[in-house]
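Here the structure is laid out as structure tokens; the discussion comes afterwards.
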Amino acid sequence: MYAMQYEITLPADYDMQIIRTRVATGGRALDDLPGLGVKAYAIRERGVLGSPVNEYAPIYLWNDTGSMARFVAGGGGFQNIIRDFGRPVVRHWTGLACHAGPSRAPYPRSASRRLTPIPAGPGPDATGLGLATAIEQGVDDLRQLAGQDGVHTAALAIDPHHWQLARFVLWNEAVATDEDETERYELLHLSGPGLAELPDGRVW
């Protein structure tokens, strides 16, 4: 599993109905894309759910990195984003764990993201296992969260360049009020051709 996201920040007075129409008319283009686990068509709207910006920020979970590469660099679809918005930075994370929640409705309505820096250093016992301990805690927290009512899918991934954990959760309705997130999103559509093939639990 490999996680990916790009964030297109739009002007403060941007009409988000343009994005809604874009997804309504073209969002199903990836519904059968080989190698894609899920694409969640996520937006943030200025003044809604505490968002300070208008933003289109789709979340991808890939089962096959070759398919991800073709999508981004091989004319597999990303060229449409470049054509319409310019070329955004594409953030990506290596998957650590994924869980199906108890409430897998056809289309989740919202998503949350939590970005957590991993402390540097060898750990309190100086063994060098501080990183592994932090990841174990993140994996355990993900497993517990995934059992909550309303969770569709929960995934944890790591960026070993910036040493950061990213937790993505898709929710059937609203994000849980007690969720510890850094961003909340509205979902306009979910393409899930490889949803069933995403890992169940830890990826190793």
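Within the range 16-59, count every residue that is in contact with a Gly (Cβ under 8 Å, 6 or more places away or on another chain) and of a type in the set (A, V, I, L, M, F, W, C).
Counting residues in the range 16-59 that are in contact with a Gly (Cβ under 8 Å, 6 or more places away or on another chain) and of a type in the set (A, V, I, L, M, F, W, C) gives 5.
Give the range 24-41 a look and list any residue that's assigned to a helix (DSSP H, G or I) and crowded, with 18+ Cβ neighbours inside 10 Å, or say none.
The one that is assigned to a helix (DSSP H, G or I) and crowded, with 18+ Cβ neighbours inside 10 Å: LEU30.
Collect the residues in the range 42-88 that are in a strand (DSSP E or B), within 23 Å of PRO160 (Cβ to Cβ) and of a type in the set (Ser, Thr, Tyr), keeping them in residue-number order.
Result: TYR60, single match.
Among the residues of the range 89-109, are any surrounded by fewer than 17 Cβ atoms within 10 Å (Cβ to Cβ), assigned to a loop (DSSP other than H, G, I, E, B) and modelled with pLDDT of 95 or more?
For the range 89-109, residues surrounded by fewer than 17 Cβ atoms within 10 Å (Cβ to Cβ), assigned to a loop (DSSP other than H, G, I, E, B) and modelled with pLDDT of 95 or more: present.
Return the pair list, or none, for Cβ contacts closer than 6 Å from residues in the range 42-56 that are under 23 Å from MET4 (Cβ atoms) and crowded, with 21+ Cβ neighbours inside 10 Å to residues that are at pLDDT 95 or above and basic (Lys, Arg), at least 6 apart or on different chains.
ASN54/ARG46
May I ask you to say which residue of GLU186, GLU181 is among the acidic types (Asp, Glu), at pLDDT below 95 and closer than 19 Å to SER103 by Cβ?
Among GLU186, GLU181, only GLU181 is among the acidic types (Asp, Glu), at pLDDT below 95 and closer than 19 Å to SER103 by Cβ.
The values are calculated or read from the model by the stated rules, or taken from the named source; none is laboratory data. Bear in mind the structure is a predicted one, so any value in this text is a computation, not a measurement. No Cβ is skipped: glycine too gets one built from the backbone with ideal geometry, and neighbour counts run over all protein chains shown.
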